[in-house]
Amino acid sequence: MASTQADKNGLYQMRPDLKDKFRPSVVREVIYNTLAEKLTGFVYNPDSAEEMATGISRVLLDKLKEMNFPRYKYVVSVVIGELRGEGVKVGARCLWDADTDNYSSNMFLAETFFCTATVFATYYY
């Protein structure tokens, strides 16, 4: 038999309280500020872009943990690419609970590169 998670009153909680729900607008601002801080002055290079994307992902994950959305698990996706005059689309598909799970995304544009960062937040039942 599967074990259940009980809240402090011993009752199983299927949904987060309103104050504990993931807030995309707040996270969107955190994403933008992080991208601006890390990428201002960055010069695109394919080798350094991979390292920078990994570093930004870690920073965003740490900031999300500090925001303390209880029982949420995160997936952070950061894409950095060179701008050469062509269009680029970055997409994702998710299967989740629309009442509890959500995402937030933002982008940073420079003269020679672009960066998109997306945070997917799923509520752990």
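The values are calculated or read from the model by the stated rules, or taken from the named source; none is laboratory data. This one's a predicted model, so the numbers in the text were calculated from it and none came from an experiment. Every residue, glycine among them, receives a Cβ derived from its backbone with ideal geometry; neighbour counts consider all protein chains shown. For the accessible areas, the whole protein counts, side chains as well, though only heavy atoms, and no ligand, DNA or RNA atoms are used. Shrake-Rupley method; radii C 1.70, N 1.55, O 1.52, S 1.80 Å.
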> So which of Phe69, Phe42 ends up being surrounded by 14 or more Cβ atoms within 10 Å (Cβ to Cβ) and farther than 24 Å from Cys94 by Cβ?
Replying inline: Phe42
>> Looking at Thr116, Thr54, Thr122 in this structure, which one is within 15 Å of Pro16 (Cβ to Cβ) and of a type in the set (S, T, N, Q)?
In response: Thr122
>> With at pLDDT below 85 and either at positive phi or surrounded by 13 or more Cβ atoms within 10 Å (Cβ to Cβ) (or both) as the only criterion, which of Gln13, Gln5 stands out?
In response: Gln13
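Counting just the residues of segment 80-119 that are part of a loop (DSSP other than H, G, I, E, B) and of a type in the set (Gly, Ala, Ser), which one comes out nearest to Ala53 (Cα to Cα)? Write out each step before concluding.
The initial filter retains those residues of segment 80-119 that are part of a loop (DSSP other than H, G, I, E, B), namely 83-101, 110-112.
Now restrict to residues that are of a type in the set (Gly, Ala, Ser): 85, 87, 91-92, 98, 110.
Numbers: Gly85: 21, Gly87: 20, Gly91: 17, Ala92: 17, Ala98: 28, Ala110: 15 Å.
Across segment 80-119, the extreme among qualifying residues is Ala110.
Quick one: would you say Arg84 is at pLDDT below 95 and surrounded by 11 or more Cβ atoms within 10 Å (Cβ to Cβ)?
No.
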>> Considering only segment 28-38, I want to know if a residue exists there that is surrounded by 17 or more Cβ atoms within 10 Å (Cβ to Cβ), among the aromatic types (Phe, Trp, Tyr) and in contact with a strand residue (DSSP E or B) (Cβ under 8 Å, 6 or more places away or on another chain).
In response: no
> Which pairs have Cβ atoms under 6 Å, sit 6 or more apart or on different chains, and link a residue in segment 19-42 that is over 11 Å from Val119 (Cβ atoms) to one that is open to solvent by 40 Å² or more (accessible area, probe 1.4 Å)?
Replying inline: Asp20/Pro70
> Which of (1) without any contact (Cβ under 8 Å) to a residue 60 or more places away in the chain; (2) surrounded by fewer than 18 Cβ atoms within 10 Å (Cβ to Cβ); (3) closer than 30 Å to Asp20 by Cβ does Leu60 not meet, given it meets every other one?
Replying inline: (2)
> in a strand (DSSP E or B), open to solvent by less than 80 Å² (accessible area, probe 1.4 Å), out of contact with any Asp or Glu (no Cβ under 7 Å at 6 or more places or on another chain) and in contact (Cβ under 8 Å) with a residue 24 or more places away in the chain: does that describe Val75?
Replying inline: no
> Quick one: which of Asp47, Asp97 is closer than 21 Å to Lys19 by Cα, modelled with pLDDT under 95 and of a type outside the set (Val, Ile, Thr)?
Replying inline: Asp97
>> If I ask for residues that are loosely packed, with under 13 Cβ neighbours inside 10 Å and free of Cβ contacts under 8 Å to residues at least 40 places away in the same chain, which ones from segment 91-122 would you list?
In response: Gly91, Ala92, Arg93, Cys94, Leu95, Asp97, Ala98, Leu109, Glu111
